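Participant: My questions all concern the structure below.
The values are calculated or read from the model by the stated rules, or taken from the named source; none is laboratory data. Quick caveat: nothing in here was measured; it's all calculated off a predicted structure. Please note: Cβ atoms are built from the backbone with ideal geometry, for glycine as well, and neighbour counts cover all protein chains shown. To get the accessible areas, we keep the full protein, side chains included, count just its heavy atoms, and leave off ligands, DNA and RNA. Shrake-Rupley method; radii C 1.70, N 1.55, O 1.52, S 1.80 Å.
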Amino acid sequence: MTARTIGIIGGGQLGRMLAMAAARLNLRTVILEPQADCPAAQVANGQIVAAYDDADALAELARICDVVTYEFENVPVAAAQALAAAVPVYPPPRALEVSQDRLVEKSFIRDCGILTADFAAVDSQGDLEAALDHFGGVGVLKTRRLGYDGKGQRVFRSPAENRDGAFEALGGVPLILESLVPFEREISIIAARDRDGTIACYDPAENVHTNGILHTSTLPARVSEATADLARKAARAILDNLGYVGVIGVEFFVLPDGGLVANEIAPRVHNSGHWTEAACVVSQFEQHIRAIAGHPLGDPRRHSDCVMQNLIGDDIDDVPAWLARPGVLVHLYGKTEARPGRKMGHVTQIFD
Ligand code: AMP
């Protein structure tokens, strides 16, 4: 049976774009989000204003929806599991468990037969010293949980760097040290798996980050067909291993020899897939909705080269100029306050 009403946990721009895609297919959406008038609720059919783990709110969401999804990976796993007992939850809660903890995530990716950076759990300054020595004095130290857009990280670029107090400086929480990957560029792949196990992959995007935040995604990525194939194969292995339903984003480092090292997975539509709404007939947002609602997947082929650029903070002032340029799709998120580092919208420039 196909779904008619979709519950979305989380009310940000990703939920907003999912709700817009759902509406075009005559599907209703209800957002669970504590902040009233959030970006997603502005374009959805309804909102339950409550915390993500509010038991009454979750019961109400299960009652009014045929299927529930989420737009961020830090949805409490227990809440997703409780919901899944009452209504189908896609992607499966296991995908949340894996992606919420970088140590579990890296181990899972390795178990799928995909290369990752070397890594070690760091639960004390002593662990850090030992792990850094093991990695030749260089590496990237990250919080295991709740890190995003480069937050909660410290890079050790030389063995001479002062390590004193580095463990405590990241909050005294469980950490992971990763070896420093000498990458040439970063790419990501957006892929989808439907309820029958059919998989569709978009072309890999080449991503540039500024201050830890995605700045641009460019299509085509400057990688060989063999490297693009590696990315597709890796995404397929991850999707199949999780028994996944919906869209996933997988980020990779590209090595000088064209090899790939997987960095992280996002069990949701992903910022580096926003270009699909301008350069493909079926966007990642519609693809996700199709997968979870029980519709056939759409064609992921790209019809144009393009560059997607995020509008961060004051970049919102450039909107009039973007609107005046030919071949540009402008997408704004309905956020009133343009704080530094805040994603306000994005633009995708199409090239013939
Ligand atoms: P993450 O929060 O894991 O997405 O990391 C943010 C950014 O830091 C990545 O996009 C890379 O540019 C850089 N980075 C993260 N991990 C590593 C690593 N192990 N080696 C080299 N660069 C990294």
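Participant: Only one of GLU286, GLU337, GLU264, GLU277 is open to solvent by less than 20 Å² (accessible area, probe 1.4 Å) and either within 16 Å of ILE189 (Cα to Cα) or not aliphatic (A, V, I, L, M) (or both); which?
Facilitator: It is GLU286.
Participant: Right, GLY212: in contact with a Gly (Cβ under 6 Å, 6 or more places away or on another chain) and on the phi > 0 side of the Ramachandran plot or not?
Facilitator: Yes.
Participant: If you go through segment 152-165 one residue at a time, do you hit one that is at pLDDT below 95, under 26 Å from ASN271 (Cα atoms) and assigned to a loop (DSSP other than H, G, I, E, B)?
Facilitator: yes
Participant: Something else now. Looking at (1) under 16 Å from the mean Cα position of the chain (by Cα); (2) more than 16 Å from the ligand (Cβ to nearest atom); (3) of a type in the set (Gly, Ala, Ser), can you tell me which one ALA205 breaks?
Facilitator: Unmet condition: (2).
Participant: Can you confirm whether segment 228-243 contains a residue that is touching a Gly at 6+ places or on another chain (Cβ under 7 Å), more than 16 Å from the ligand (Cβ to nearest atom), modelled with pLDDT of 95 or more and closer than 27 Å to ALA21 by Cβ?
Facilitator: yes
Participant: Follow-up question, since we're still on this one. Any residue at all in segment 137-151 that's assigned to a loop (DSSP other than H, G, I, E, B), open to solvent by less than 70 Å² (accessible area, probe 1.4 Å) and assigned by TED's automatic domain parsing to the domain that holds PRO256?
Facilitator: no
Participant: Of all residues in segment 250-270, how many are within 11 Å of the ligand (Cβ to nearest atom) and either farther than 19 Å from ARG222 by Cα or in contact with a helix residue (DSSP H, G or I) (Cβ under 7 Å, 6 or more places away or on another chain) (or both)?
Facilitator: Count: 5.
Participant: Right, here's the next one. Of everything in segment 116-136, what is out of contact with any Leu (no Cβ under 6 Å at 6 or more places or on another chain), open to solvent by 30 Å² or more (accessible area, probe 1.4 Å) and more than 12 Å from the ligand (Cβ to nearest atom)? Give them in sequence order.
Facilitator: ASP123, SER124, GLN125, GLY126, ASP127, GLU129, ALA130, ASP133, HIS134, GLY136, listed by residue number.
Participant: Counting only residues that are over 19 Å from the mean Cα position of the chain (by Cα) and among the hydrophobic types (A, V, I, L, M, F, W, C), give me the helices (runs of 4 or more DSSP H) lying completely in segment 55-136 with at least 2 of them.
Facilitator: Filter on segment 55-136 gives 55-64, 77-84, 125-134.
Participant: For segment 187-200: of the residues being surrounded by fewer than 20 Cβ atoms within 10 Å (Cβ to Cβ) and within 21 Å of the chain's Cα centre (by Cα), which is nearest to PRO91 (Cα to Cα)?
Facilitator: Applying the filter and picking the extreme gives ARG195.
Participant: Then there is this: Does any residue of segment 100-109 turn out to be within 16 Å of the ligand (Cβ to nearest atom), surrounded by fewer than 19 Cβ atoms within 10 Å (Cβ to Cβ) and either β-branched (Val, Ile, Thr) or over 28 Å from PHE156 (Cβ atoms) (or both)?
Facilitator: Yes, some residue in segment 100-109 is within 16 Å of the ligand (Cβ to nearest atom), surrounded by fewer than 19 Cβ atoms within 10 Å (Cβ to Cβ) and either β-branched (Val, Ile, Thr) or over 28 Å from PHE156 (Cβ atoms) (or both).
Participant: Right, next: Would you confirm, using the coordinates I've provided, whether ARG63 is open to solvent by 60 Å² or more (accessible area, probe 1.4 Å) and either modelled with pLDDT of 95 or more or hydroxyl-bearing (Ser, Thr, Tyr) (or both)?
Facilitator: yes
Participant: Could I ask something else about it? Does segment 153-179 hold any residues that are of a type in the set (A, V, I, L, M) and either within 13 Å of the ligand (Cβ to nearest atom) or open to solvent by 30 Å² or more (accessible area, probe 1.4 Å) (or both), and which are they?
Facilitator: Across segment 153-179, the qualifying residues are VAL155, ALA160, ALA169, LEU170, VAL173, LEU175, ILE176, LEU177.
Participant: Could you grab me the full set of residues in segment 308-334 that are of a type in the set (A, V, I, L, M, F, W, C), within 17 Å of SER272 (Cβ to Cβ) and open to solvent by less than 40 Å² (accessible area, probe 1.4 Å)?
Facilitator: MET308, LEU311, ILE312
Participant: So HIS295 ticks every box in (1) farther than 20 Å from ALA235 by Cα; (2) open to solvent by less than 20 Å² (accessible area, probe 1.4 Å) but one. Which box is left unticked?
Facilitator: (2)
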